[in-house]
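Q: Quick one: the structure is below, and I'll ask about it shortly.
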Amino acid sequence: MSTRNGRVTMQDVADRANVSKTAVSLAFNDSKRLSEATVKKILAAAAELGYAQDPAARMLRTRRTDSLGLLLPQQLDRVLENPYYTQFLQGIGQTCQREGFTLLLAPPLRGSMLKTIPYAAVDGFIVSGLEDDRGEVNALRQRGIPFVLVDSEVHGDVPSVEIDDGEGLESLVNHLLDLGHRRIALVAFETGTEGDHRTWRGPVFRRMQGAIAALASRGLSPESEGVQVVEVACTRAGGVKAFSELWAQEVRPTAIVAFSDIIALGVLDAAREAGVSVPGEVSVSGFDDTVAASWASPSLTTVRQPIETKGRLAAEYLVEAISSEESSRDHHQRLHTALLVRDSTGPVPAGA
């Protein structure tokens, strides 16, 4: 059968199946309105002709893309380097597969998450790690796009999923204090501020508050002698940089607390390269419990957060918001963390 301009159209399928063009449209978009026999006949004709719906035309007709957008705080190269996002995406993917959605990764456009929003053809956004709302929430509201916040500042009328960051870091720092450590370096991921932890926002702020609470229980603070706060990129290279700077000091820390596993893994890399024993000379710890944490040498003491669960719940809340004709009920889920003590932490080195 010859087709118009070599491309199979909906009319071609209708002619082959001896049905109306409307019936073909219903077969692909609302098959419940047709008999099972008619649907089978139309789909068989479509398969025989090699017909596929034009996605752009379908989007215009249904005003749906059947795609979720993940609005990311970092460029794709950094995101894909971090095993945290691999597990987070697995959780989102579980919901997408079950509910029939695709997933679009939406990194900052020209350095701005805000600029990304108008260009992403999605039905809704999962907004990850928005440390400080610079207008993204208002922009999404104004455009009427459903969205869910993950590890961001909480807005009471917006569904959100987060973890108890403070609880996790407090338990980790208490573990090191119990081992006798008092020269502790807190290695946070960059915030874009001028280095004052009191101006931080989002997960890094909450984790810092947990560290402060643990230090305060022993009469210490971030300003105490021997306690340091360092900011680096949330990458493995950032961890290498942090260790190099800390180990170049005359008085070195006996414990390094990284605010993410990927930074801690970089610290372990640099310590190994420098011939520094972990935990013989310095204890190292992270936060996340990514797969690489248990595989590291030595295995990494870290704070486990339910990464996949967080992604799955965020996607479920977003699908509900997209599918609901009325305002979706607000979900606010805070998940707990757990300290996992492995081989990378130990008592204060003799003589320290």
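Q: What is the residue count in segment 63-116 for residues that are of a type in the set (D, E, K, R) and under 29 Å from residue 302 (Cα atoms)?
A: 3
Q: Quick check: is even one residue across segment 295-312 within 19 Å of residue 176 (Cβ to Cβ), of a type in the set (D, E, K, R) and either in a strand (DSSP E or B) or in contact with a strand residue (DSSP E or B) (Cβ under 9 Å, 6 or more places away or on another chain) (or both)?
A: yes
Q: Oh, and also: Return the residues of segment 73-105 that are closer than 18 Å to residue 314 by Cα, at pLDDT below 90 and in contact with a Gly (Cβ under 9 Å, 6 or more places away or on another chain); say none if nothing qualifies.
A: If the condition is that a residue be closer than 18 Å to residue 314 by Cα, at pLDDT below 90 and in contact with a Gly (Cβ under 9 Å, 6 or more places away or on another chain), then 73 is the only one that fits.
Q: With respect to residue 229, is the statement that it is in contact with a His (Cβ under 7 Å, 6 or more places away or on another chain), more than 21 Å from residue 79 (Cβ to Cβ) and in contact (Cβ under 8 Å) with a residue 24 or more places away in the chain true?
A: Judged against the criteria, residue 229 is a match.
Q: Take residue 218 and tell me if it is surrounded by fewer than 18 Cβ atoms within 10 Å (Cβ to Cβ), over 19 Å from residue 283 (Cβ atoms) and of a type in the set (Lys, Arg).
A: In short, no.
Q: Okay, moving on. Residue check, residue 290 against (1) crowded, with 22+ Cβ neighbours inside 10 Å; (2) of a type outside the set (A, V, I, L, M); (3) outside the structural domain of residue 81 (by TED's automatic domain parsing); (4) over 19 Å from residue 86 (Cβ atoms), all met but one. Which one?
A: Looking at each condition in turn, residue 290 falls short on (4).
The values are calculated or read from the model by the stated rules, or taken from the named source; none is laboratory data. If you're wondering where the values come from, they're calculated on a predicted model, not measured in any experiment. Cβ atoms come from the backbone with ideal geometry, glycine included; neighbour counts cover every protein chain shown.
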